[in-house]
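Laboratory data are not the source of any read-out in this text; all were calculated from the coordinates shown. Just so it is clear, the model here is predicted, and its values are computed rather than measured. Neighbour counts run over all protein chains shown; Cβ positions are idealised from the backbone, glycine included.
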Amino acid sequence: MDYENLKYFREPHKLNRQQARWYLKLQDYDFTLKHIPGKTNTKADILSQKEQVDIKEDNKDVQLLKNKMWTRKITAKVTMLRKKVMTEESDIVKRIRRNNTREKKIVQALEKNDGLAWEEDGVVYMEGRIYVPNNKELREEILKEHHDPADIRHPGQHRMLELLKRTYWWPELKEDIKKYVQGCFKCQQNKVQHQRKAGELHSLEIPQGPWQEISIDIIRSLPKSNGMDAIVIIVDQFTKMIRLKATTTNISSEGIVKIYKNDIWKLYGIPRKILSNRGLQFASKFMEEFTKALGIKRQLSIAYHPQIDGQMERINQEIGMFL
């Protein structure tokens with residue numbers, strides 16, 4: 001029945017927060033409740049009935065953001081941008097207009113004609129921002145105007161990028177800003193460095209003889225040949241001699257030990273030290289216990305620091321060139 005909820009509140013109950021708010025709201029009104037039989041209250045009864053509507057085809061293929069909405073937004077943005085350019089930076093815009101050079105990326109964007117890039121009055125716009133041609137002097141002047149003035153106060157890379165992106169765009173914008181800020185004499189002289197100073201670099205010790213200290217690395221994900229898709233590289237740090245062994249990408253620590261035994265140690269003996277990166281094959285517990293049992297010092301390089309073993313990186317480049 002429609003009045004069952006009214007009968008519920010005629011008895012005392014613990015109200016939740018929403019019911020309590022409605023209780024306080026009803027205290028502001030003076031009203032009485034009168035029951036009208038449903039037969040005589042047909043209009044209210046109809047309103048309380050829920051109509052069954054077929055919604056299978058409802059809300060189908062509805063495009064919330066029409067294309068004309070984007071067109072209006074871009075047009076308005078370009079209009080405001082042009083007003084700002086003509087009043088404040090007309091000299092730079094004139095120089096941009098006189099420079100007809102277009103980079104390949106810009107030419108391709110203009111040919112797509114998808115609304116992201118367009119040309120108007122001799123000026124190319126990229127996503128609503130002015131494209132600056134590949135002119136060193138012009139780009140340096142724009143960078144200078146967004147970094148050196150006293151009211152801008154020599155911003156850092158991120159803030160300077162945010163300032164420039166409001167108006168200008170070119171492909172290497174972020175890299176050029178980074179170089180400009182890092183090369184600013186006043187920034188380097190006056191700004192405080194909050195990072196800890198880097199520690200001193202120490203080169204690897206020179207071995208006393210051949211094959212006493214070796215380094216090892218793996219080149220992975222090569223085209224398969226006879227079921228092999230990787231190369232294990234072992235280098236003698238004294239004579240610079242290298243040994244290569246074909247293997248698979250998923251080689252285990254046990255597989256590395258077999259290569260040591262069959263291809264290195266039987267010819268040159270057991271080394272005093274092995275230098276490697278922190279790959280699973282070299283940093284595993286098995287390899288730690290194995291080298292400890294043989295009295296071999298294991299030296300693992302720091303992650304993302306290939307300069308620790310530059311000799312190995314150079315050899316990897318040569319092997320890649322031959323492959």
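Taking the average, over residues, of other Cβ atoms within 10 Å as the packing measure, peptides 312-320, 192-200 rank 312-320, 192-200 from highest down.
At a temperature of 37 °C and a viscosity of 0.692 mPa s, determine how fast the chain diffuses translationally according to Stokes-Einstein, using the Kirkwood radius over alpha-carbon pairs as Rh; express D in µm²/s, rounded to the nearest whole number. Rounded, D is 112 µm²/s. Long hydrophobic helices in the chain: the complete DSSP H runs spanning 20 Å or more by Cα along their own axis with mean Kyte-Doolittle hydropathy of at least -1.0 are 67-88. With the convex hull of the Cα atoms taken as the outline of segment 164-235, the averaged projected area works out to 11.7 nm².
Inverting the pair-averaged 1/r between distinct Cα atoms of segment 194-319 gives 15.5 Å as its Kirkwood hydrodynamic radius. Label-to-label distance for Lys34 and Val107 is 8.6 nm, based on points extended 7 Å past Cα in the beta-carbon direction.
Using the rule -39500 (n - 2.57) for each DSSP H run of four or more residues, divided by the residues of the chain, the 222 nm mean residue ellipticity is -11500 deg cm²/dmol.
Farthest toward the dipole's positive end in the chain, which of Asn59, Asn5, His158, given Cβ charges of +1 (Lys, Arg) and -1 (Asp, Glu) about the Cα centre? It is Asn5. Considering every Cα-Cα pair within segment 90-189, what fraction, in whole percent, is farther apart than 22 Å? So the portion of pairs separated by more than 22 Å is 32 percent. For segment 90-189, the antiparallel share of DSSP beta bridges with both residues in that region comes to about 75%. Scoring 281-290, 22-31 by mean Cβ neighbours within 10 Å over their residues and listing the highest first yields 281-290, 22-31. Treating segment 269-323 as a set of equal point scatterers at the Cα positions, no solvent, please give the Debye-formula log₁₀ I(q)/I(0) at q = 0.16, 0.22 Å⁻¹. Treating every Cα as an identical point scatterer, log10 I(q)/I(0) equals -0.59, -0.90.
For segment 90-189, lysine pairs with C-alpha atoms less than 20 angstrom apart, excluding pairs fewer than eight positions apart on the same chain, total 23. In the elastic network of the chain, a GNM with C-alpha springs shorter than 10 Å, the most mobile of Glu103, Glu162, Glu205 is Glu205.
For a modelled paramagnetic label at Leu222, 7 Å from Cα along Cα-to-Cβ, the residues of segment 229-273 in reach, with backbone nitrogen under 14 Å, are 229-234, 243-251. Annotation: the antiparallel percentage among DSSP beta bridges lying fully within the chain is about 70. Each of the peptides 211-223, 149-161 was scored by the mean count of other Cβ atoms within 10 Å over its residues; in descending order, highest first, they stand as 211-223, 149-161.
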